[in-house]
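What follows is a short report on a single structure.
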Amino acid sequence: GTMELRHLRYFLSIVKLGSFTKAAEELSVTQPTLSHQIRQLEEELGCELLDRTSRNVRLTNAGEIFANFAGRSVKEVENGKAAIQEFRGLRVGSLAIGVVSAFINNIMPSVISRFQSEYPGINLKVLELPTGELGRQVSAGDLAFGFAYGPSSTDQVVWEELFKERLCLIVSKRHEFSKYKSVSFEEISKTPLALLTREYLSRKMIDTAFLEAVRSPQIGIEMNSIEALLQTVANTGLATILTPRIARTSRNLVAVPILPAVERSAGIFTRQGATLPPAGRVIVDMIRQVAREDSAGSKD
């Protein structure tokens, strides 16, 4: 015979109530049926779970060990049912997430439209926030998760990588480097740059890469807006360094790979010890998928 959920439920009911009679009542089955089901369970396990000699039913040692596992199994199935109910949209909910500006105009628009069409019952709130603020709101429990670059786990916040991105030199089609297959930091040091300000993590990575190449960048402009940087590069002879997916928002820009590669890790921050709600998991899976489709599309 194979063990079924029913066997576990019957056994746990007897454990809880300490009597076959009361358990049979609670489960609305006859006592012979109940006894038979427990016998089947004991046969499958190859040992007795209940000591039937005394007036009220007691657990054998094996029974005590098994009761723990049986309880957990039944609970897991209950959790599964609840999760499925949420998935099926029976429970209308709301989900608040935070996203850094780098992903607000790419990745997120297609994720949001997919989510909206598949889960119209769930109210989605998407906030554009800097990484530090993201971490704060995630640890405070105001956001289900934050989508940003990392990693930077703290005691309150856990990091999970979703994908990697390489930094590229971004230039207008008129720039001499637009025809290059790749560029080095040595070559980049010869052209004037428009870069993000120093509070950005990618800027810190860029500064480090120049140090390692023993070159200093020619910085013409610093800005704290990715949009403004792209506009500047499109309309001047300046170049910038960002991820290729950011540059794809504009027709006039070209992303030239940088070698050796400088990679960024993109992923999500969640609160320590908190599990993502089902709607949150769905969005995270969609982010992964869209990022994968995006990078497949950029190979051409």
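From Gly98, Gly71, Gly80, which residue is outside any helix (DSSP H, G or I) and either surrounded by 18 or more Cβ atoms within 10 Å (Cβ to Cβ) or modelled with pLDDT under 95 (or both)?
Gly98
Would you pick out the residues in the stretch 190-205 that are surrounded by fewer than 16 Cβ atoms within 10 Å (Cβ to Cβ), in a loop (DSSP other than H, G, I, E, B) and more than 32 Å from the chain's Cα centre (by Cα)?
Lys190
Any residue at all in the stretch 220-233 that's within 22 Å of Asn106 (Cα to Cα) and over 32 Å from the mean Cα position of the chain (by Cα)?
For the stretch 220-233, residues within 22 Å of Asn106 (Cα to Cα) and over 32 Å from the mean Cα position of the chain (by Cα): present.
Pull out all pairs, ordered by first then second residue, where Cβ-Cβ is under 9 Å, the residues are six or more apart or on different chains, the first lies in the stretch 271-300 and is on the phi > 0 side of the Ramachandran plot, and the second is open to solvent by 20 Å² or more (accessible area, probe 1.4 Å) and modelled with pLDDT of 80 or more.
Pairs found: Gly273/Val158.
Using the structure shown, decide if Ala296 is among the aliphatic types (A, V, I, L, M), part of a helix (DSSP H, G or I), at pLDDT below 95 and open to solvent by less than 30 Å² (accessible area, probe 1.4 Å).
The answer is no for Ala296.
Within the stretch 124-139, can you find the residues that are open to solvent by 60 Å² or more (accessible area, probe 1.4 Å) and modelled with pLDDT of 90 or more?
Once the filter is applied, which keeps residues that are open to solvent by 60 Å² or more (accessible area, probe 1.4 Å) and modelled with pLDDT of 90 or more, the stretch 124-139 yields Lys125, Glu128, Arg136.
Just need a number here: residues in the stretch 111-123 that are open to solvent by 50 Å² or more (accessible area, probe 1.4 Å) and in a helix (DSSP H, G or I). Spell out how you get there, then give the answer.
At the first step, the residues of the stretch 111-123 found to be open to solvent by 50 Å² or more (accessible area, probe 1.4 Å) are 112-114, 116-118, 120, 123.
Add one more test, that the residue is in a helix (DSSP H, G or I), and what stays is 112-114, 116-118.
Here the count works out to 6.
Here are Phe11, Phe66: which of them is without any contact (Cβ under 8 Å) to a residue 60 or more places away in the chain, open to solvent by 30 Å² or more (accessible area, probe 1.4 Å) and not in a strand (DSSP E or B)?
Working: Phe11 fails: open to solvent by 30 Å² or more (accessible area, probe 1.4 Å).
The conditions single out Phe66.
Just give me the residues in the stretch 256-275 being outside any loop (DSSP other than H, G, I, E, B) and open to solvent by 40 Å² or more (accessible area, probe 1.4 Å), in sequence order.
Correct list: Pro257, Glu263, Arg271.
When Ile104 is evaluated against the numbered criteria (1) out of contact with any helix residue (DSSP H, G or I) (no Cβ under 7 Å at 6 or more places or on another chain); (2) open to solvent by less than 50 Å² (accessible area, probe 1.4 Å); (3) within 30 Å of Met3 (Cβ to Cβ); (4) not aromatic (Phe, Trp, Tyr), which criterion, by number, is the only one it fails?
It is condition (3) that Ile104 fails.
Regarding the stretch 45-55, can at least one residue be identified that is charged (D, E, K, R) and closer than 21 Å to Val77 by Cα?
No; the residues of the stretch 45-55 include none that is charged (D, E, K, R) and closer than 21 Å to Val77 by Cα.
This table checks each residue for (1) surrounded by 17 or more Cβ atoms within 10 Å (Cβ to Cβ); (2) free of Cβ contacts under 8 Å to residues at least 40 places away in the same chain.
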site: Asp207; (1), (2): no, yes
site: Glu212; (1), (2): no, yes
site: Pro217; (1), (2): yes, yes
site: Ile226; (1), (2): yes, no
site: Ala234; (1), (2): yes, no
site: Thr243; (1), (2): yes, no
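Just give me the residues in the stretch 127-176 being assigned to a loop (DSSP other than H, G, I, E, B), over 23 Å from Pro278 (Cβ atoms) and under 15 Å from the mean Cα position of the chain (by Cα), in sequence order.
The answer is Pro151, Ser152, Ser153.
The values are calculated or read from the model by the stated rules, or taken from the named source; none is laboratory data. Bear in mind that the values here come from a model prediction, so they are computed numbers and not experimental data. Here the Cβ is made from the backbone with ideal geometry for all residues, glycine too, and neighbour counts use every protein chain on show. The accessibility values were calculated without ligands, DNA or RNA, using every heavy atom of the protein model including side chains. Shrake-Rupley method; radii C 1.70, N 1.55, O 1.52, S 1.80 Å.
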